[in-house]
Each structure stands twice: as structure tokens, then as C-alpha cells.
Amino acid sequence: MSAVQTGRWKALAAAISAVLIGLTLPTVAATPASATTTAYDSTYYKNAIGKTGTSLKSSLHTIISGQSKISYDAVWNALKVTDQDPNNSGNVILLYSGTSRSKALSGGDVGDWNREHVWAQSHGSFGTSAGPGTDLHHLRPADVQVNSIRGNKDFDNGGSAVSGAPGSYTDTNSFEPRDADKGDVARMILYMAVRYEGDDAWADLEPNDSVSNGSVPYHGRLSVLKQWNEQDPPSAFEERRNDVIYNTYQGNRNPFIDHPEWIEAIW
């Protein structure tokens with residue numbers, strides 16, 4: 001082959017290669033966090049719309065930190081309102097099991113429901129003091145025994161079936177909620193990571209990919225929580241709960257219920 005022909009073949013190969021690269025390389029730019037439209041975008045979220053990454057996280061932190069705090073005792077009655085069974089006003093819906101149980105059965109005995117901290121209290125050692133310990137955006141009614149089984153474990157897939165919570169699983173260091181609660185859990189955990197940034201006397205809460213966080217202010221597993229957010233979009237129950245907390249109790253919202261796509265935009 002002559003030098004001229006060789007040069008032509010090299011030029012053609014380079015052109016084809018460039019086209020193929022253009023077709024197969026994934027985009028590296030973050031998707032602007034504006035895919036969902038809500039009634040709060042022009043008011044409550046106006047300083048967050050269109051942002052991504054740390055800029056979005058910082059804006060949301062500023063927005064949702066304007067929060068009224070309630071006592072841990074007040075949480076009992078608040079949960080009777082936020083988690084009321086839409087089909088039975090005398091009951092609440094329990095996290096992890098989906099069971100509808102009488103509001104009157106609140107306490108610590110077998111058959112009762114109690115106050116589950118979805119972001120485990122020990123992950124940052126905030127206890128039950130007003131603030132992260134009483135934040136309704138991650139407190140849910142749960143069966144006493146199921147709550148005990150979950151304990152302070154991180155969240156991940158797999159394990160053995162949980163008695164009293166069909167579809168939930170657990171092993172030595174993690175807990176998997178039933179499918180209908182997976183997205184709820186993800187959005188609650190990541191709300192806490194944005195709300196509490198270490199600038200108000202509480203620890204800086206952050207997600208990571210570990211399932212052995214113990215008492216450090218981290219919660220995992222982030223990669224799984226992101227999958228759960230996609231798998232289980234916000235339900236009408238979850239959206240109503242967000243509205244009640246905003247309008248009646250705390251005056252702030254969980255932004256990931258309003259804009260679940262913001263989880264991917266930040267993490």
C-alpha cells in the first residue's frame with residue numbers, strides 16, 4: 001500500500017473512532033435538579049432550583065434548618081397525626097411492617113408501637129434531645145419488637161426474614177425494610193444528612209457505604225439507599241406526612257419527598 005493510501009486509511013480510522021467515542025462515552029455533567037415541579041419551587045425552594053452537588057446540599061440545608069423543635073414526649077401525639085391510617089382514623093401505620101395498629105397501643109410492651117429513630121440515635125450520639133432526637137422527618141411508629149430487631153443497624157440488602165415485618169430482612173449489621181418502605185427510609189436518612197451539618201451543636205451527619213458505623217455520625221449504605229429511592233418513589237402517604245410536619249409541627253419539609261431526583265443530584 002502506498003504512503004498516500006496509508007494516510008487515507010489512517011484518516012478514515014481516526015474519523016470513525018471519533019464518532020464511536022462520541023456515541024459511547026457517558027456524560028460527566030450532573031443533571032440539573034429541576035426534573036420535578038412542585039408548588040414550593042417558586043417560594044420555599046427558590047434558592048435551590050437548578051443547583052447540583054455541594055451547592056444544592058448547602059442551599060437545602062439553609063432552607064430546611066428553619067425548624068421548630070418539639071419535645072420527645074410530644075412526639076407520641078405527633079405521630080398519631082403524621083402516620084394516621086387513611087382508612088382508619090383510630091390507627092397508625094407502622095414502619096417496616098405496614099400494620100395498622102390502634103393509636104392507643106403506644107408504649108413499650110409486646111403488641112405496642114413505639115418511636116423508631118430511622119437515623120439511629122447512636123450514630124452521632126444525639127439521643128432524644130430536641131433536635132435530631134425529636135425530628136419528625138425521621139421518626140416513625142414501629143412495632144416494639146421489630147424496632148428492637150432493627151436496633152441501630154445500618155441499612156442494606158439481605159439477611160433473614162424479620163418476624164412481625166413480612167418482606168423485611170436483617171443480619172448481624174444491617175436491616176432491609178420491606179419494598180414499600182425502602183424509599184421512605186432512604187429519603188429520611190438523606191434528609192438527616194442535609195439538615196444536620198454540624199453547625200448547630202449537633203454532629204455533622206453524613207451517609208457512607210459502610211454497615212459498621214457504630215457510634216460515629218454516619219449511616220449506610222449510601223449506594224443501596226440511592227437504589228431504594230429510585231425503586232420506591234414517594235407515596236401519597238409519604239407526601240401527606242411531609243405536608244403535616246411542615247404545616248402543623250416543624251415548619252420545614254423533607255426536600256427529597258418533593259424532589260426525589262435531588263438525591264442523585266447531590267450524591
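All but one of (1) in a helix (DSSP H, G or I); (2) open to solvent by 60 Å² or more (accessible area, probe 1.4 Å); (3) in contact (Cβ under 8 Å) with a residue 40 or more places away in the chain hold for Leu225, so report the exception by its number.
Going through (1) in a helix (DSSP H, G or I); (2) open to solvent by 60 Å² or more (accessible area, probe 1.4 Å); (3) in contact (Cβ under 8 Å) with a residue 40 or more places away in the chain one by one, Leu225 breaks only (2).
Among what's in the stretch 239-265 and is charged (D, E, K, R) and surrounded by fewer than 20 Cβ atoms within 10 Å (Cβ to Cβ), pick the residue that is farthest from Val81 (Cα to Cα). Can you show your working first?
Step one: filter the stretch 239-265 for residues charged (D, E, K, R), giving 239-241, 243, 253, 258, 261, 264.
Among the residues that remain, those that are also surrounded by fewer than 20 Cβ atoms within 10 Å (Cβ to Cβ) are: 239-240, 243, 261, 264.
On the way: Glu239: 14, Arg240: 10, Asp243: 11, Glu261: 27, Glu264: 31 Å.
If we take residues in the stretch 239-265 being charged (D, E, K, R) and surrounded by fewer than 20 Cβ atoms within 10 Å (Cβ to Cβ), then Glu264 is farthest from Val81 (Cα to Cα).
Touching a helix residue (DSSP H, G or I) at 6+ places or on another chain (Cβ under 9 Å), closer than 22 Å to Thr99 by Cβ and either open to solvent by 50 Å² or more (accessible area, probe 1.4 Å) or of a type in the set (A, V, I, L, M, F, W, C) (or both): is that true of Phe155 in this structure?
It is true that Phe155 is touching a helix residue (DSSP H, G or I) at 6+ places or on another chain (Cβ under 9 Å), closer than 22 Å to Thr99 by Cβ and either open to solvent by 50 Å² or more (accessible area, probe 1.4 Å) or of a type in the set (A, V, I, L, M, F, W, C) (or both).
Can you pull out the residues in the stretch 111-142 that are under 19 Å from Asn242 (Cβ atoms), in a loop (DSSP other than H, G, I, E, B) and of a type in the set (D, E, K, R)?
Asp135, the sole residue that qualifies.
Those residues that are open to solvent by less than 30 Å² (accessible area, probe 1.4 Å) and not in a strand (DSSP E or B), I need them from the stretch 78-95; list them, please.
Those that are open to solvent by less than 30 Å² (accessible area, probe 1.4 Å) and not in a strand (DSSP E or B): Ala78, Leu79, Thr82, Asp83, Leu94, Leu95.
Can you confirm whether the stretch 97-108 contains a residue that is modelled with pLDDT of 95 or more, over 20 Å from the mean Cα position of the chain (by Cα) and on the phi > 0 side of the Ramachandran plot?
The answer is yes; a qualifying residue exists.
Say whether the condition of being open to solvent by 50 Å² or more (accessible area, probe 1.4 Å), in contact with a helix residue (DSSP H, G or I) (Cβ under 7 Å, 6 or more places away or on another chain), at pLDDT 95 or above and not acidic (Asp, Glu) is met by at least one residue in the stretch 59-67.
no
Confirm whether Val162 is in contact with a Ser or Thr (Cβ under 9 Å, 6 or more places away or on another chain) and either buried (at least 19 other Cβ atoms within 10 Å of the Cβ) or under 25 Å from Ala74 (Cβ atoms) (or both).
Answer is yes for this residue.
Among Gly98, Gly108, which is the only one that is open to solvent by 50 Å² or more (accessible area, probe 1.4 Å), under 30 Å from Arg221 (Cβ atoms) and not in a helix (DSSP H, G or I)? Write out each step before concluding.
Details: Gly98 fails: open to solvent by 50 Å² or more (accessible area, probe 1.4 Å).
Within the list Gly98, Gly108, the selection yields Gly108.
Surrounded by 15 or more Cβ atoms within 10 Å (Cβ to Cβ), over 27 Å from Arg221 (Cβ atoms), in contact with a strand residue (DSSP E or B) (Cβ under 8 Å, 6 or more places away or on another chain) and β-branched (Val, Ile, Thr): does that describe Val118?
no
If only one of Asp135, Asp179 is within 20 Å of the chain's Cα centre (by Cα) and open to solvent by 50 Å² or more (accessible area, probe 1.4 Å), which one is it?
The unique qualifying residue is Asp179.
Taking the condition at pLDDT 95 or above, over 25 Å from Thr38 (Cβ atoms), surrounded by 16 or more Cβ atoms within 10 Å (Cβ to Cβ) and hydroxyl-bearing (Ser, Thr, Tyr), does Tyr218 pass?
Criteria met by Tyr218.
The values are calculated or read from the model by the stated rules, or taken from the named source; none is laboratory data. Since the model is a prediction, treat every value here as computed from it, not as a measurement. With ideal geometry, Cβ positions are generated from the backbone for all residues, glycine too; neighbour counts draw on all protein chains shown. For the accessible areas, the whole protein counts, side chains as well, though only heavy atoms, and no ligand, DNA or RNA atoms are used. Shrake-Rupley method; radii C 1.70, N 1.55, O 1.52, S 1.80 Å.
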